[in-house]
């Protein structure tokens, strides 16, 4: 279920750089990164990413702090080229988006997986399969071209439990259209800059609900594609455990779906009423 972003991050009057180097933020980052050097490197990367994105520079500093702090608790870097986590501008707010490589890293850290992967499927490689029986057959030797027709994901736990999924390209795009405003609007986002990675992450996430989750994995799923509300008016009061996700991307789709559902119910009710009148 999604909730509209109604809580504005407090404007502290401090710049992002000042906030990042405040004793409260430095202290929290030192705790999660285990060393001042790693914490300093992370702080520098957050400031660099924000300064390098004109839209992100307009976002409220505390919103960026919230998203960055959540990424830090999972020890995921926010440098876009690493593909672990992204800071995405959303009007005056900053949205956290966990990347495909970030999801993979968290799964591997959990120690629960024997194998885990996702990959694009090219024309000719998909042989057969059924989403209910999950008896998918792929053959790379049958590849006919570089055209991507879909994406597959699979994991095997240490106890032998296996889950696999395949989405064709239309299903992936439909999902992005429904759940990502950045994709719908054509904004510069991971869906635009690295479609393959986002598609692989999407299909992989669809089966991870059947896997055991570490605290980090649960946090990633909870905060992915959300604006992080820090719930504080003073940076000195930062408490990561009090952070709350506020989802924004699929509000429009939900509104349309709700309207469509209500319209369908109205049509059914009208038809039932006419049927009764004829009796």
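Just so it is clear, none of the values below were taken in a lab; they were calculated from the coordinates. As the structure is a prediction and not an experimental result, all values here were calculated from the model. We place every Cβ from the backbone using ideal geometry, glycine too, and count neighbours over all the protein chains shown.
Rounded to the nearest 0.05, the FRET efficiency derived from the C-beta distance between residue 147 and residue 55 at R0 = 35 Å is 0.60. With the cut-off at 1.5 for a/c, could you classify the stretch 98-191 from its C-alpha gyration tensor as rounded, prolate or oblate? Oblate is the answer for the stretch 98-191, as a/c is 1.5 or above yet b/c matches or exceeds a/b. Taking 0.36 nm per residue of sequence separation and removing the Cα-Cα distance, the residue 161/residue 37 pair yields an extension gain of 40.7 nm.
Highest average first, the peptides 217-225, 83-91, 236-244 ordered by how many other beta carbon atoms sit within 10 Å of their residues are 83-91, 217-225, 236-244. If R0 equals 41 Å, the separation of the Cβ atoms of residue 133 and residue 14 corresponds to a calculated FRET efficiency of about 0.15. Take the Cα of residue 213, step 7 Å toward its Cβ, do the same at residue 171, and the gap between the two points is 2.1 nm. Is the shape of the stretch 124-250 rounded, prolate or oblate, going by the alpha carbon gyration tensor and its root eigenvalues a ≥ b ≥ c, with a/c under 1.5 for rounded and a/b larger than b/c for prolate? Taking the square roots of the gyration eigenvalues as a ≥ b ≥ c, the stretch 124-250 is oblate.
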